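K.L.:
Provided herewith is a single structure, encoded as structure tokens, for subsequent inquiry.
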Amino acid sequence: MTTSALGADLVRLRRTTAPSAAARDLLDRAARYDAEMGFGPPRPDRGGSSGATTVIEIDTCLHRHDVDHDDAYVLAGVLTIRDLGDGTGAADLVVDPRRRAIGVATAVGEELGTRARGEGGWAGTGLRTLHAVAHGSHPAAERLARRSGVATAAIRHHLVLPAGEATPEGAVPGRAGEPTGPHTGDRADRADDRDVVRIGVAEGTARVRAPGPDGGPAEITGVTVATGTPPEALRPALGAVVTAAVARLREQGAGDIEAVADHDDEPLLEALRPLLFEHDRSDLVFHIGPVG
């Protein structure tokens, strides 16, 4: 595929605190396109309640010759950076489907770099470390990470219990997990601002999030067992925690329920499969910034 460009600046970056109407339209179109391709669900809110949000709108003079253009700079992407506290942020780069595979993301990476710069931090946000998530192991994101020398920090499997599946056997009324308080950590890959609540049963704890207002799935993350659980009881204990979490979410009207497990967490993965959770996608979490 050939491209054309005017001048030396392949991209021009415009910083703001909220996306423009054109940027919101781009994000909506990209979300629908990626969902159809299996690269992750639409994300209704790219903001965050934990800190400041920086939006960088990306104009480019790069063009695909199979798309009508007039050789002018056009809006091609949106980079959203959410401050998660303690010098850490979450980065979300979305490129217009009509402007992909022509070097827009690469040009942005070259312009901003992959390391914090002086007191201004990364891209002037004051942040020293960023996390970015490829929803559904997007091949373009993987190529960009390799070219930029960005490390893959984690692989997270998303498994879904479909709405049509019954609550797992073993769930009993009144044993749906007791809330032990709100949870505010691990927000780098959260799609919106629904409250996360930690629940507990005798076997352990989990974090649950109610169904989204747009019909998105409820979520179960951070499943852990009680201190002192012997190895031979690990899988049954994990299953009991997940069963209680499912029961609680179903009481809240959940349909599809998504559980998240790291790729190397074999005990949890083995506990989820008999409960009829099905693999939906695997996300890659990239680490941008100092290591260690």
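K.L.:
Could you estimate the translational diffusion coefficient of the range 192-292 from the Stokes-Einstein equation, with Rh from the Kirkwood formula over C-alpha pairs, at 37 °C and 0.692 mPa s, in whole µm²/s?
P.N.:
In µm²/s, the coefficient is 226.
K.L.:
A follow-up question, please. Testing the spin-label approximation: label points 7 Å from Cα along Cα→Cβ at Asp262 and Arg115. State their distance in nm.
P.N.:
2.7 nm
No lab work stands behind these numbers, since they all come straight from the coordinates. All of these numbers come straight from a predicted model, not from anything done at the bench. Positions of Cβ are backbone-derived with ideal geometry, glycine not excepted, and every protein chain shown enters the neighbour counts.
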